[in-house]
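One structure below.
Only the coordinates and a few stated rules stand behind these numbers; no lab work does. Since the structure is predicted, the reported quantities are computational estimates derived from the model, not experimental observations. As a convention, Cβ positions derive from the backbone with ideal geometry for all residues, glycine included, and neighbour counts pool all protein chains shown.
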Amino acid sequence: MVRERRPKNQSFSQKFWEDGHGNFVIWQKPNVYLSTWFLTMVGNWFIHTNWLRSGLSYISLLALIIWAVLEVYNGINYFRRLIGILVLLTLLTSHLA
């Protein structure tokens, strides 16, 4: 993935909300990791076999961690990077408790 450089004279607000083309970006089409997380979570609602539920839970957790790390490092704007950080912190605190 080639990242386009932003002009240096952008304001913080522009860097927070806009992509490199000046488009206001909050929502993007989900990538494979976010789709995997969603599908495994929905699958857990309908599966009652313990070992299969456990496996799907680990897959969904791993997919969400990968998605969040990719957002932190490759997010299109600061907002998307912040969402990645918040998801990682939420996962960390919820699994340590």
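A few points about this structure:
- Residue 96 fulfils the conditions (1) in contact (Cβ under 8 Å) with a residue 24 or more places away in the chain; (2) over 15 Å from the mean Cα position of the chain (by Cα) except for a single criterion, (1).
- Any helices (runs of 4 or more DSSP H) falling wholly within the range 2-83 and containing at least 2 residues that are in contact with a Leu (Cβ under 7 Å, 6 or more places away or on another chain): 32-46, 50-74
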